[in-house]
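First the structure, in the form of structure tokens, and then the observations on it.
The numbers here are math on the coordinates, done by the rules we state, and not lab data. No experiment lies behind these values; they were computed from the predicted model shown. For neighbour counting, all protein chains shown are included, and Cβ atoms are generated from backbone atoms with ideal geometry for every residue, glycine included.
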Amino acid sequence: MPAPCLYELAHSCIIVHMGYRVGVSGASGYAGGELLRLLSAHPDFEVVAITAHASAGQPLAASQPALRSLAGMILTETEPEALAEVDLAFLALPHGASGAFAAALPASVRIVDLGADHRLLDAAVYERYYGGTHPGTWTYGLPELPGQRSAIAVSTRVANTGCYAVATTLALAPLIAAGVVEADDLVVVAASGTSGAGRSAKQNLLGSEVMGDVSPYKVGAHQHVPEIKQATGASSLSFTPMLAPMPRGILSTVTARPVAPIDAEEVRAVLTAAYADEPFVHVLAPDEVVHTGATFGSNSTHLQAYVDVDSGRVIVTSAIDNLGKGAAGQAVQNANLMFGLAETAGLAVDGVAP
């Protein structure tokens, strides 16, 4: 816990603020790098430990050249001992790797896990979609869901949301909760930038493979489906993810069958009421269109509501930065709550343009 250091100098009191000591595991990856970018400017968090696997022993500048303020820090091996003395550990590790790592950390270390290991309640569902043994369920880290903000605030272990999951859940959850759409007839088509696939070298992510192309993947069996159902109360969901030729961003298009005839203004009113006090969720004016580029570099979600003139189905479009609200920004938002800090500390509402 940080404590201010007070010095007396010529009858004056100088207060030196000491931040919470923070460690980031997986610091050489895209999510880890975005975490470090946000943490480097955070008023209350001080980065004291960074770990990686293949890049261990190298200065951070070798893998994250944009992070000049932390360029000289040395990446150490991803071992629990490296984070055993911090106040807060962010785990930006591959799915399946954070369960055992977190279990080896002292209880005094608070943890935000950016992986999928601790999101799901049902062990059988976890094993079906991810394989392996379920490491256990932690507090789900989406503050905008009813009751979650207070639960996160008293938790020492928080499971960060999946990127597709947060974009889709924020578009859908209020409509199911308000009883305006059917929970068993939902279709989601979502496009993600290539950074959502991680930084490992893969042929399908080469620039020459991605540019000028949009392709679906994991159709009918994507691992975020059970997370979205769990978070929204949906009972049946058809989800098609797509890889888009952009480095970051997610556009999720959610369509649902209304319980009764409804117009777009009524749908928008439900979303506006649900997020009236939320700093990072923005329901756009009727004539605005969501753009992934408008969320670039921010922790914001942009929502827009429609009703299809032919089918009468409700359509909500949702845009986020997959490395922001979909990963690192969400993780910092959760950490702020865990330490009783301002929820918006170190996070941008506004995107970067052009």
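If amide H atoms are built 1.01 Å from N in the plane of the peptide, which residues on other chains or at least 5 residues away come under 5 Å of the amide H of Phe239?
Under 5 Å from the amide H of Phe239 lie the amide H atoms of Val188, Gly220, each far enough along the sequence or on another chain.
What is the packing order of peptides 218-230, 147-159, taking the mean over residues of other C-beta atoms within 10 Å and listing the highest first?
Peptide ranking by packing, descending: 218-230, 147-159.
What are the ³J(HN,Hα) couplings of region 177-190, residue after residue, when phi is run through the Karplus curve with 6.51, -1.76, 1.60 and θ = phi - 60°? Round to Hz, x for glycine and proline.
4, 7, x, 9, 10, 6, 7, 10, 9, 10, 10, 10, 10, 9
As I understand it, the value is the acute angle between the Cα axis of helix 329-338 and the longest principal axis of the Cα atoms of the chain; what does it come to in degrees, rounded to 10?
Taking Cα atoms only, the helix is inclined about 60 degrees.
Straight-line reach only, C-alpha to C-alpha below 18 angstrom: list the lysines that Lys202 could link to, leaving out same-chain residues fewer than 8 apart.
Reachable lysines: Lys218.
Given axes a ≥ b ≥ c from the Cα gyration tensor, I'd like to know whether region 127-187 is rounded (a/c under 1.5), prolate (a/b larger than b/c) or oblate.
oblate
Hey, what's the Cα Rg ratio for the chain versus the globular rule of thumb, 2.2 N^0.38 Å?
My calculation over the Cα atoms of the chain gives 1.01.
So who's got an amide H within less than 5 Å of the one on Asn322, skipping anything under 5 residues away but keeping other chains? H placed 1.01 Å off N, in plane.
Residues meeting the amide H criterion: Gly249, Ile250.
Which order, highest average first, do 295-301, 161-167 follow once you tally other Cβ atoms within 10 Å for each residue and take the mean per peptide?
Packing proxy ranking, top to bottom: 161-167, 295-301.
Going Cα to Cα from Lys229, which aspartates and glutamates come in below 15 Å? Please leave out same-chain ones fewer than 8 positions away.
Asp122, Glu182, Asp184, Asp185
Scaled to the compact-protein estimate 2.2 N^0.38 Å, what is the alpha-carbon radius of gyration of region 163-322, rounded to two decimal places?
Taking the Cα Rg and dividing by 2.2 N^0.38 Å, one obtains 1.03.
With θ taken as phi - 60° and the coefficients 6.51, -1.76 and 1.60, list the Karplus ³J(HN,Hα) couplings across region 282-296 in order, rounded to whole Hz; mark glycine and proline as x.
10, 8, 6, 4, x, 8, 9, 10, 6, 9, 4, x, 6, 9, 3
Counting only DSSP beta bridges with both residues in the chain, what percent are antiparallel, rounded to the nearest 5?
50 percent
Express as a percent, rounded to the nearest 5, the fraction of DSSP beta bridges in region 5-137 (both residues included) that run antiparallel.
25 percent
Which ³J(HN,Hα) values in Hz, rounded to whole numbers, follow from the phi angles of region 87-97 under the Karplus curve 6.51 cos²θ - 1.76 cosθ + 1.60, where θ = phi - 60° and Gly and Pro get x?
Whole-Hz 3J(HN,Hα) from phi for region 87-97: 7, 9, 10, 9, 9, 9, 9, x, 4, x, 9.
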